[in-house]
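Structure first, commentary second.
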Amino acid sequence: MILARVIGHVWSTRKEESLRGLKFLVIQPVTLTYAEDGSAKLTEHGNSLIAADQIGAGESELVMVASGSSARQGLANHNIPIDAIIVGIIDKETFEA
Amino acid sequence: MILARVIGHVWSTRKEESLRGLKFLVIQPVTLTYAEDGSAKLTEHGNSLIAADQIGAGESELVMVASGSSARQGLANHNIPIDAIIVGIIDKETFEA
Amino acid sequence: MILARVIGHVWSTRKEESLRGLKFLVIQPVTLTYAEDGSAKLTEHGNSLIAADQIGAGESELVMVASGSSARQGLANHNIPIDAIIVGIIDKETFEA
Amino acid sequence: MILARVIGHVWSTRKEESLRGLKFLVIQPVTLTYAEDGSAKLTEHGNSLIAADQIGAGESELVMVASGSSARQGLANHNIPIDAIIVGIIDKETFEA
Amino acid sequence: MILARVIGHVWSTRKEESLRGLKFLVIQPVTLTYAEDGSAKLTEHGNSLIAADQIGAGESELVMVASGSSARQGLANHNIPIDAIIVGIIDKETFEA
């Protein structure tokens, strides 16, 4: 899964009918490194993406995102053209020393 | 889904029979960052791609693109060799302050 | 789909039995930008790949390539280990002013 | 499969119901090169990812990670939104001269 | 398919049961360019990966690798967590002038 931060909302009036009612967020992949003192550092890396959200992720929260056909497994309807969904909100404690 | 801008049309006379009648656009992935004053900035990033369009996206519009097997879920015929389709046109207000 | 240029042929004597009879080409992904005068510019970008070809693409032609499980939809036999096929040859006029 | 090193654990309280009970690790892809004396060198390269672990991989171990729909083949339930799992722990001797 | 060179073997004692008996190799993707005199040049590019091998590829040989769900089509058992297999060994003559 992609490790990412939520950085925005997406509004789309004209879209595939099957996507109506879904919430879409802009996520920014981040990469994890450790400073010499062992503290975790998250750095933005690579292109922003759009993911569907069904679990209520909020602005600036860290999330895990499933991609590809696996993303569809998390939707009530497996047969819609969605290739990324947020499957978990990462606890704040995860990257704190 | 990929966040991208429509930057051109594709004309292809010799193609797989199953693709006849579909419209193909060149899309350029963009990444979202924020300036210090909070305004959104979209920067082109990575390779241009080709996506099928069924919702009438126009030149320079921002779109969301589904890839892989998920793209086929958005087509009337799920069994054709298409791996990217435009599933939504992003409202202009999305990235305005 | 990937926007790419055909840059070579691949010869493979020892291969999976199910691939016998298929033609394989080396393709180089390209990205599209526009010069100030509006003319299109195609720049090689990223790794060369190998794609199966069933429509007779020739050296230096621009093509669109479907990847992943979608590639298999374009083959007579959907159950062989192929993850990229050329699905269209792009008309020369596409990127001419 | 991705060649990667385990660099952290992920805690996620709010997540898709179907993911409960799974263990998630942060993995860092590495690339292999050889020094002039033939010794192997592993360098971190690209974005950290999150993978499910069912075989007990530990911090700093090298692992092989299956992605996409293939990842789901390694789970008891193939229909959950997981796109990366650790499928093997690489023996320490692999990259020792 | 990925164009790659075999650069090592992988030993993994603790792995998913379904992977027992398979041979795993480290492959390094390469990209093809041409020198001014028309001779082919292969340059290492991007992350090393791990692929299953069923056709006897050897150290330093060039291979073509199928990824994703397509990789599983080349296995006797389609339902194991493998996302990359070597499907062909590229003839030495391919990239010789």
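What Kirkwood radius, in Å to one decimal, follows from the Cα pairs of segment A:2-95?
14.1 Å
Nearest 20 debye, what's the magnitude of the dipole of chain D about its Cα centre given +1 on Lys and Arg Cβ and -1 on Asp and Glu Cβ?
That gives chain D a dipole magnitude of about 500 debye.
Taking the label point as lying 7 angstrom from Cα along the Cα-to-Cβ axis, what are the distances from D:G58 to the corresponding position in the remaining copies, in ascending order and in nanometres?
Between copies, matching label points for D:G58 lie 3.9, 3.9, 6.3, 6.3 nm apart.
In terms of the Cα gyration tensor, with a ≥ b ≥ c the square roots of its eigenvalues, is the protein assembly as shown rounded because a/c is under 1.5, prolate because a/b exceeds b/c, or oblate?
Verdict is rounded for the protein assembly as shown.
Ignoring ligands, DNA and RNA, how much accessible area is buried between chains B and C, both sides summed, with a 1.4 Å probe, to the nearest 100 Å²?
Interface area, both chains combined: 2300 Å², rounded to the nearest 100.
I'd like the distance between the alpha-carbon centres of segment E:23-40 and segment B:50-97, rounded to an integer number of Å.
With segment E:23-40 and segment B:50-97 each reduced to a Cα centre, they are spaced 33 Å.
From the cross-link list A:K23/D:K15; B:K41/C:K41; B:K41/B:K92; C:K23/E:K41, which pairs have alpha carbons spaced over 18 Å apart?
B:K41/C:K41; C:K23/E:K41
So what are the ³J(HN,Hα) numbers for segment B:11-24, from phi and the Karplus equation (6.51, -1.76, 1.60; θ = phi - 60°), rounded to whole Hz, Gly and Pro as x?
Each residue of segment B:11-24 in turn: 10, 9, 7, 8, 8, 3, 3, 5, 8, 4, x, 7, 9, 10 Hz.
Output the residues of segment C:55-82 meeting this criterion: accessible area (heavy atoms, 1.4 Å probe) in the chain alone minus accessible area with all protein chains in place is 30 Å² or greater.
Those are C:I55, C:M64, C:S69, C:S70, C:R72, C:Q73, C:N79, C:P81, which lose 30 Å² or more relative to the chain on its own.
Can you sort C:E61, C:E96 by solvent-accessible area, 1.4 Å probe, largest first?
C:E96, C:E61
Tell me the label-point distance for the pair A:N79, B:W11, using the 7 Å Cα-to-Cβ offset, in nm and rounded to one decimal.
Distance between label points: 3.7 nm.
Please report, for E:H45, the nm distances (one decimal) from its label point, 7 Å out from Cα along the beta-carbon direction, to the equivalent points in the remaining copies, shortest first.
Label point to label point, same position, other copies: 1.3, 1.3, 2.1, 2.1 nm.
What gaps in nm, shortest first, separate E:K92 from its twins in the other copies when you place the label 7 Å past Cα toward the beta carbon?
For E:K92, the inter-copy label distances come out at 3.9, 3.9, 6.4, 6.4 nm.
Compute the signed sum of charges (Lys and Arg +1, Asp and Glu -1) over the other residues within less than 14 Å, Cβ to Cβ, of A:Y34.
Taking every other residue near A:Y34 into account, the sum is -3.
The values are calculated or read from the model by the stated rules, or taken from the named source; none is laboratory data. As the structure is a computational prediction, the values presented were derived from the model and not from experiment. Note: ideal-geometry Cβ built from the backbone for every residue, glycine included; neighbour counts use all protein chains shown. To get the accessible areas, we keep the full protein, side chains included, count just its heavy atoms, and leave off ligands, DNA and RNA. Shrake-Rupley method; radii C 1.70, N 1.55, O 1.52, S 1.80 Å.
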